[in-house]
Amino acid sequence: MNMRRFAIYGKGGIGKSTTTSNLSAALADMGLRVMQIGCDPKADSTQLLMHGQKIPTVLDKIKQKGSAITLEDVAFRGYGDVVCVESGGPTPGIGCAGRGIITAFNTLEELDAYSCFSPDIVLYDVLGDVVCGGFAMPIRDGYADEVMIVTSGEKMALFAARNIILAIENFAKRGYAKLAGIIENSRNIEDEDSIVRSFSNEADTQILSVIPRSGTVQRAEDMNMTVIEAFPDSAQAKCYRDLASIVAGKI
């Protein structure tokens with residue numbers, strides 16, 4: 001089975017990390033080897049998979065150990081044996097978060113992480129408000145095969161999604177990651193489905209999944225778990241499992 005790598009982008013606060021973690025959990029339940037890499041200075045992408053534990057970041061460990069850093073320092077097993085990694089970022093107000101992602105990615109390559117863990121699927125959870133420098137690395141440096149964009153029908157979420165699509169198009173001629181489609185993470189605004197559908201049509205892409213707004217997500221997060229783990233038989237879990245089936249079908 002070939003390894004497939006997906007970058008998941010979206011505006012901050014859109015529910016991207018929750019969606020990514022539930023997707024990872026659902027893929028793991030299908031028997032796939034999954035690796036989730038958080039590419040946000042907040043370093044909270046994998047907390048639900050780690051039952052609330054905030055794991056050390058690659059950048060933090062580089063500062064502590066330098067060239068003595070090992071995979072065991074930065075890669076941790078979460079729910080379903082998902083390999084969890086957080087790139088981390090600089091001290092607020094000092095340094096460039098984008099550069100931090102580049103450094104973290106280079107370090108994972110040097111540590112031969114992908115060969116050691118042999119994942120079937122790698123999910124990069126990337127902040128999508130700004131698609132430049134390090135934040136564009138999964139698109140432009142050949143890390144990801146495809147990009148999925150999490151959005152709602154809200155204007156600012158769609159604005160961020162449009163910027164991400166423009167970045168993908170700008171790199172298209174170089175053979176970098178292509179757009180797989182849109183994940184609608186609903187906010188229950190008026191005419192939301194039609195707004196997102198119109199957006200996806202204009203972008204000439206597909207809606208991979210419509211995830212309804214549900215209190216089940218918050219209840220699971222209060223338990224420091226994904227919906228997949230906390231409420232596996234819920235309608236919300238089925239939405240994530242359906243999305244996982246689509247992603248797994250791309251392997």
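Quick one: among Leu108, Leu23, Leu127, which has the greatest mean-square fluctuation in a GNM of the chain with alpha-carbon springs under 10 angstrom? Maximum among the listed residues: Leu108.
Using Cα positions and a limit of under 18 Å, work out the lysines in reach of Lys54, with same-chain residues fewer than 8 apart set aside. Partners within reach: Lys16, Lys42, Lys63.
At a 10 angstrom cut-off on C-beta neighbours, averaged per residue, how do the peptides 46-53, 215-222, 154-161 rank from highest to lowest? The partial results should precede the final answer.
Working: 46-53: 20.5, 215-222: 15.8, 154-161: 18.4.
Going from most to least packed, we get 46-53, 154-161, 215-222.
Considering only Ser194, Ser21, Ser186, the mean-square fluctuation computed in a Gaussian network model of the chain, springs between alpha carbons under 10 angstrom, is largest for Ser194.
Whole number please: convex hull volume per residue, Cα atoms of the range 4-248, in Å³.
116
Using a simple charge model, +1 on the beta-carbon of Lys and Arg, -1 on the beta-carbon of Asp and Glu, nothing else, what dipole does the chain show about its Cα centre, in debye to the nearest 20? Provide the component values of the computation, followed by the final result.
Working: 25 positive and 31 negative charges, 79 e Å.
With Lys and Arg at +1 and Asp and Glu at -1, about 380 debye.
What the phi angles of the range 3-17 give under the Karplus curve with 6.51, -1.76 and 1.60, with θ = phi - 60°, is a coupling list of 6, 10, 10, 10, 9, 10, 10, x, 4, x, x, 7, x, 5, 5 Hz, glycine and proline written as x. So what's the gap between the Cα centers of the range 183-225 and the range 137-168, to the nearest angstrom? Centre-to-centre distance over Cα atoms comes out at 15 Å.
Taking every DSSP beta bridge that has both ends in the range 4-248, the antiparallel portion is near 5%. Restricting the calculation to Cα atoms, the range 148-208 yields a radius of gyration followed by a Dmax of 11.6, 39 Å.
In percent, rounded to a whole number, the relative contact order of the range 4-248 is 25, using alpha-carbon pairs under 8 Å and six or more apart. Close amide H partners of Leu127, meaning residues 5 or more places away or on another chain with modelled amide H under 5 Å apart, are Cys39.
Read-outs throughout are calculated quantities, based only on the coordinates presented, and are distinct from any laboratory measurement. As the structure is a prediction and not an experimental result, all values here were calculated from the model. Glycine gets a Cβ as well: all are built from the backbone with ideal geometry, and neighbour counts include every protein chain shown.
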